[in-house]
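Here's the structure, in structure tokens; my notes come after.
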Amino acid sequence: MPLEALIFDVDGTLAETEEVHRQAFNESFFTFGLDWHWSVADYRTLLKTTGGKERIRAHAASLDTSLGDDLIWELHSLKTARYGEIIESGVVDLRPGIAELVANARANGLRLAVATTTNRPNVDALIRATMGGDAGAVFDVIAAGDEVGAKKPAPDVFLLALKRLGLEAGTCLAFEDSLNGLRSAMGAGLNTIVTPSRYTSDEEFEGALAVLDDLHALTRIEDLKSMFAAA
Ligand code: XBP
Ligand code: MG
């Protein structure tokens, strides 16, 4: 089947955003009077739990404490607002090759989608800051965070993107940075290219169609289609 669409993960794939997430989490903990501070080393482990609210809940449990759902939602809303402010200040760029790949895919008639664990406001902030436009104008389909019952590594968010695209998995190619993301995409039946990011460089990506440092080597659609056809 011909390649018809590219489906991108966001955090770690489109851009190295997790350090901004980590800063926003830590500033929110301070604002809430929590004596929590997530170091880089802490966060590498914490990231195995996908979803910011789930991550907060898991951390509280590791301290034998629990924060009520209302407080977790309130804390996460503050974090999301802070994340958007930091991203909109322009501190993060797209990873190498992403802008060219998106432009070339569009110029070659491929459709574009996002399938991410983060929430829609974070996607909008990142695309506005790095691509200068509305995320809904750059991508045909956006499937994000709380729109699905089970987050990555469950396949739900990629299945939602496929449903909204109206395409079979066999005509699409996924791009991810993490093992949780790879498992999610493969669970949805998608061939997946992995570009490990700062926080996932130590992970194994069995089953990936390719594992690349970044996507600058794959900006030519002909090369992408050849790799896809050989899968
Ligand atoms: C990575 C995640 C997200 C972010 C934080 O998402 O697991 O939880 O770390 O964002 P992706 P939220 O699937 O794009 O790699 O706090 O909004 O969850
Ligand atoms: Mg990711």
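The values are calculated or read from the model by the stated rules, or taken from the named source; none is laboratory data. Model, not experiment: these values are computed from the prediction. Note that we place each Cβ from the backbone using ideal geometry, even for glycine, and neighbour counts take in every protein chain shown.
Looking only at residues that are of a type in the set (Val, Ile, Thr) and under 14 Å from Glu88 (Cα atoms) in segment 8-24, which one is farthest from ligand 1 (Cβ to nearest atom)? Restricting to residues being of a type in the set (Val, Ile, Thr) and under 14 Å from Glu88 (Cα atoms), the top hit is Val20.
Scanning segment 52-74 for residues that are in contact with a helix residue (DSSP H, G or I) (Cβ under 7 Å, 6 or more places away or on another chain) and within 9 Å of ligand 1 (Cβ to nearest atom) turns up Gly52, Lys53, Arg55, Ile56. Filter segment 173-224 for residues that are modelled with pLDDT of 95 or more and of a type in the set (Lys, Arg); which is surrounded by the most Cβ atoms within 10 Å (Cβ to Cβ)? Within segment 173-224, the match that is surrounded by the most Cβ atoms within 10 Å (Cβ to Cβ) is Arg183. Taking (1) in contact with an Asp or Glu (Cβ under 9 Å, 6 or more places away or on another chain); (2) touching a residue at least 24 places away in the same chain (Cβ under 8 Å); (3) under 26 Å from Thr195 (Cβ atoms) in turn, Val102 satisfies each apart from (1).
Residues in segment 142-172 that are buried (at least 16 other Cβ atoms within 10 Å of the Cβ), part of a loop (DSSP other than H, G, I, E, B) and away from ligand 2 (no atom under 14 Å from the Cβ): Val148, Ala154, Pro155, Leu167.
Leu78 meets the conditions (1) in contact (Cβ under 8 Å) with a residue 40 or more places away in the chain; (2) within 30 Å of Leu215 (Cβ to Cβ) in every case but one. The failed one is (2). Only residues that are assigned to a loop (DSSP other than H, G, I, E, B) and either of a type in the set (Phe, Trp, Tyr) or within 16 Å of Leu215 (Cα to Cα) (or both) were counted across segment 95-119, and they come to 3. The set of residues in segment 111-139 that are out of contact with any helix residue (DSSP H, G or I) (no Cβ under 7 Å at 6 or more places or on another chain), away from ligand 2 (no atom under 16 Å from the Cβ) and under 22 Å from Leu173 (Cβ atoms) comprises Gly136, Ala137. Going by the conditions given, is Ala161 touching a strand residue (DSSP E or B) at 6+ places or on another chain (Cβ under 7 Å) and within 13 Å of ligand 1 (Cβ to nearest atom)? Here the answer is yes, as Ala161 does meet what is asked.
Restricting to segment 42-94, name every residue that is among the acidic types (Asp, Glu), part of a helix (DSSP H, G or I) and under 18 Å from the mean Cα position of the chain (by Cα).
Glu54, Glu88
Residue pairs whose Cβ atoms lie under 8 Å apart, sitting 6 or more positions apart in sequence or on different chains, and linking a residue in segment 106-125 that is more than 9 Å from ligand 1 (Cβ to nearest atom) to a partner that is among the basic types (Lys, Arg) and at pLDDT 95 or above, are Leu112/Arg106; Ala113/Arg164. Scanning segment 139-150 for residues that are more than 9 Å from Arg120 (Cβ to Cβ) and under 16 Å from the mean Cα position of the chain (by Cα) yields Phe139, Val141, Ala143, Val148, Ala150.
Hey, any hits in segment 25-36 for a residue that's more than 8 Å from ligand 1 (Cβ to nearest atom), among the aromatic types (Phe, Trp, Tyr) and assigned to a loop (DSSP other than H, G, I, E, B)? For segment 25-36, residues more than 8 Å from ligand 1 (Cβ to nearest atom), among the aromatic types (Phe, Trp, Tyr) and assigned to a loop (DSSP other than H, G, I, E, B): present. Can you say whether Ile72 is among the β-branched types (Val, Ile, Thr) and closer than 22 Å to Trp38 by Cβ, as far as the supplied structure shows? Criteria met by Ile72. Flag not set for Asp214, criterion: within 14 Å of the chain's Cα centre (by Cα), among the charged types (D, E, K, R) and within 16 Å of ligand 1 (Cβ to nearest atom). Exactly one residue out of Glu27, Glu4, Glu74 is more than 30 Å from Ala113 (Cα to Cα), surrounded by fewer than 18 Cβ atoms within 10 Å (Cβ to Cβ) and away from ligand 2 (no atom under 16 Å from the Cβ): that is Glu27.
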